[in-house]
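None of the figures in this text is laboratory data; all of them are computed from the coordinates on show. Keep in mind it's a predicted model, so treat the numbers as computed, not measured. Positions of Cβ are generated from backbone atoms using ideal geometry, with glycine treated the same way; all protein chains shown enter the neighbour counts.
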């Protein structure tokens, strides 16, 4: 559990981070979003003491951060950066095994763990273990970066725009894999990005920053429905908010049971998003879809009206709450 | 609003009193050197090595205290660096440099027995160390104050002239001066020869080197061959090359009368010049080649797109942009040539090296000094002068 | 990497290993068999009574030459690399500009002048030439150490720190291995130049492969000069090609292409 309380950071006369208070619950992914220079990377680096904060308190698992030995602290926290930071003179296997080696794990345990992680990140051991970073593609290199961060099984993972340097297709793939990984491992992740869609996709908790301050924080849905000011709204896509909101909801949560009428031509799997449903309706020029499960068996229906109404209902329910 | 807001935030103070550690160490080192090492040495004549004297014996307490005060002042000023303080330290350094010959004078007055005409004063390690460290301080100050290379060069030039004046007028006891006065004409002639050899060699290798580099850029195959050959040449010790040219040139001089009439012979200027040019070629060619290669292709493309012909592009774009790196090459070559010319003395080419080798042969260290010091100073002057020129001609005025 | 390219690469490296061996063998042959080449030298130098240098055993001279260069190299490497590391650390950064300029200055001093100046302090013999070689050979090493360490990608250093490596571990496991090729290039330049410069030691009583050259110049015996030059050149080529092989080896592990 990470807690920042009235934390500030000043470089000379320049205030990079101005009195932020933030709490990241255990096992949740907290995304820090904002434009360049808003202080999100600085905030991240204060957590593993790469930068020392000027004032305020940072508390990790109940203990103030200053009480930890900084080197030992960093070995307990995973760190992934945009340029991967892989050591070019070490093989993939050696790179991944870095922190376990620093912690003096027995060699057999280290190689077992490396193999496990490579499997987890989709890197076949035979093919990749002995390759060198310059022989990997961008996506492969970043997978190694993530594997390296997870090697010593830390509770906390810090990620600084990890997918920023990748092409959109690879980026999406890795975002998916991270989501799946998180569903399995439940690490406490602090994730910095300037890509709002990425943040909306992955975050349990969204924090919007500007000029070193936190402008708004909350769940992605809450921010989409109730942006605090025009800045946040434009960041969230302005008019596109509706679609982004739809992207966060699953079809199965909004379908109705099969009616007496003939099932619609177009079929959509139950775990797709409402946004994909809307897109399919536009594509197929219809306003009704049949919802199917993994075995392509119809299990429900989804209508355009339902989607729009649901959005309204959501809003109403929020206001009542 | 929590209480924390009421407290003043601890700001990141850039401490203005962060001392300049380098100058601090250097001035303390000078203080230590002045007190711990021997200041001067006095010998009754040329052959016998002298007895050494510390600072107090040499310039007595008033002098010692003055010197110490100077260094302590420098240390104090270095603790609180600011442009004003740096300039003050510069002033103190200049003062110390100007006082140095006076220190020798005073030491000579106190320590040298006037009844012994051959008695001489030798400069001790304390002096050399302080001089060296002062030069280091100058380097550091130049960097901190952001001065161009001209300033310290001028400063040192002025100091040098002042020293020359002092030496000529008042420092008869100094062993160095005595050696010099004994063979003044020889010295000037050696100096002239040295400079002549260096300039000729560098001049020829600049022209040859540039032509060769330009040819190599046009004909790629020539490049590999040329570089291999030049690299090989550099592995031959200079000594050997000088020696190896003796016989062929002697043979040439014997059999081709026109060459002999020109002054070519087995020993002397001819082999020295040829060897010097050979050694100067590699750095010259390599630097010119790289300088011409590294001019931004984008700039040249733009020039081409605007309708400049090849020769115009070369002389108006590529060459001026390559000039600073080229001058660096000339600088490196010249400094190397100054050193190599000293070795050329072994094959009778003259130059300041003659004093070195004669002195070594006679075990007269001050004669060695008479040869070695001017060579060092010459090398440093060439380095500073050409370096300043290169800096001045750099586009954008960067360092 | 396919099987075929791997074996081709292996061949390239092993072929290169032959080169220093060839030079070394040639050197040994010349040392031992110099008298055998008498007829060749007689052809070059017709006047002198003797053409093969025999005032001292050639292998002894070679040994002393290697010793002088080796000692100077060892000291310069330790001092140069240590200085380069020291001024790139947080605490030593103040000294960086000065050390850079100092190393540059060191190469302006002509070795012969330094040699001459070292004699009154250190006497005649091997010590002044070692000092001169040290001073002259310091620049390439310091300059290359500085360049090599500064060229290491700062994000890699930051990642290393973030992983929890101590500054010493970062230096030893990340910075130095990555800077090694550049540093090695500097050492190579320094040693190769020094092998030629060491010949000057013969003028101050340091007996080494420069002896035949000096003797040849003084007596006008070209054969002597040739012998000295030949041996020094072979030594330089041998050492230089050995460095080259090691550099290729290092570069393979870090090749960016």
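The GNM of chain B, with springs linking C-alpha atoms under 10 angstrom apart, assigns the highest mean-square fluctuation among B:272, B:345, B:196 to B:196. Per-residue Cβ neighbour counts within 10 Å put A:134, A:194, A:53, B:194 in the sequence A:134, A:194, A:53, B:194, beginning with the fewest. Between the beta carbons of residue C:93 and residue A:261, assuming R0 = 56 Å, the FRET efficiency works out to 0.10 to the nearest 0.05. By the count of other C-beta atoms within 10 Å, a proxy for reagent exposure, C:239, C:142, A:308 are ordered fewest to most as A:308, C:239, C:142.
Here the stretch A:2-241 carries DSSP beta bridges of which approximately 50% are antiparallel, counting only pairs with both residues inside. With R₀ set to 60 Å, the beta-carbon distance separating residue B:224 from residue B:80 gives a calculated FRET efficiency near 0.55.
For chain A, modelled as a GNM with alpha-carbon contacts under 10 angstrom, which of A:245, A:142, A:67 fluctuates the most? Of A:245, A:142, A:67, the most mobile in the Gaussian network model is A:67. When the Cα atoms of the stretch B:21-181 are aligned to their principal axes, the ranges along those axes come out at 52, 30, 23 Å in descending order.
Just checking the listed ones, C:60, C:175, C:90: in the Gaussian network model of chain C with Cα springs under 10 Å, the one fluctuating most is C:90.
In square nanometres, what is one fourth of the surface area of the convex hull spanned by the alpha carbons of the stretch C:11-254?
Taking a quarter of the hull surface, the average projection is 15.8 nm².
Taking the C-alpha atoms only, the angle from helix A:304-320 to the longest principal axis of chain A is near 60 degrees. The ranking of B:92, A:178, B:154 by Cβ neighbour count inside 10 Å, starting from the fewest, reads B:154, B:92, A:178.
Report for chain B the percent antiparallel among DSSP-assigned beta bridges with both residues inside it, nearest 5. Taking every DSSP beta bridge with both residues in chain B, the antiparallel ones total about 90 percent. State whether chain B is rounded, prolate or oblate according to the following rule on the C-alpha gyration tensor (a ≥ b ≥ c being the square roots of its eigenvalues): a/c under 1.5 gives rounded; otherwise a/b larger than b/c gives prolate, and the remaining case gives oblate. Oblate, because a/c is 1.5 or more while a/b does not exceed b/c.
Computing FRET efficiency as 1/(1 + (r/R0)^6) for residue B:87 and residue B:56, where r is the C-beta to C-beta distance and R0 is 30 Å, gives about 0.40.
Each label was represented as a point 7 Å from its Cα along the Cα-to-Cβ direction; for residue B:184 and residue A:271 these points are 10.2 nm apart. Axis angle, to the nearest 10 degrees, between helix A:274-284 and the longest C-alpha principal axis of chain A: 50 degrees.
When only Cα pairs under 8 Å and 6 or more residues apart are kept, what is the percent relative contact order across the stretch B:224-346?
28 percent
Give the angle, between 0 and 90 degrees and rounded to the nearest 10, that separates the Cα long axis of helix C:126-151 from the longest principal axis of the Cα atoms of chain C. So the inclination is approximately 30 degrees.
Please report, in whole Å³, the volume per residue of the convex hull around the C-alpha atoms of the protein assembly as shown. Don't skip to the answer; put the middle values down first.
On the way: hull volume 239.3 nm³, N = 977.
For the protein assembly as shown, the hull spanned by Cα atoms encloses 245 Å³ per residue.
With the helix formula -39500 (n - 2.57) applied to DSSP H stretches of n ≥ 4, chain A reaches a computed 222 nm mean residue ellipticity of -11500 deg cm²/dmol.
Using alpha-carbon pairs under 8 Å, 6+ residues apart, how would you state the relative contact order of chain B in percent?
Working: 484 pairs, mean separation 61.2, N = 399.
Contact order relative to length: 15 percent.
Counting only helical runs of four or more DSSP H residues, what would the 222 nm mean residue ellipticity of chain C come to if each run contributes -39,500 (n - 2.57) and the total is spread over all its residues? All intermediate terms of the calculation are to be shown ahead of the outcome.
Working: 10 runs with 192 residues, N = 257.
Roughly -25500 deg cm²/dmol at 222 nm, from the helical runs in chain C.
Taking a ≥ b ≥ c as the square roots of the Cα gyration tensor eigenvalues, with a/c under 1.5 meaning rounded and otherwise prolate when a/b beats b/c, else oblate, which class fits the stretch B:95-134? Could you put the intermediate results ahead of the total?
Details: a/c = 3.85, a/b = 2.03, b/c = 1.90.
Note, shape of the stretch B:95-134 comes out prolate.
Structural descriptor for the stretch A:1-133: relative contact order 21 percent, calculated from alpha carbon pairs under 8 angstrom and at least 6 residues apart.
Determine the calculated [θ] at 222 nm for chain B from helices alone, applying -39500 (n - 2.57) to every DSSP H run no shorter than 4 residues and normalising by the residue count; nearest 500 deg cm²/dmol. Don't jump to the answer; show the numbers that get you there.
Details: 16 runs with 298 residues, N = 399.
Roughly -25500 deg cm²/dmol at 222 nm, from the helical runs in chain B.
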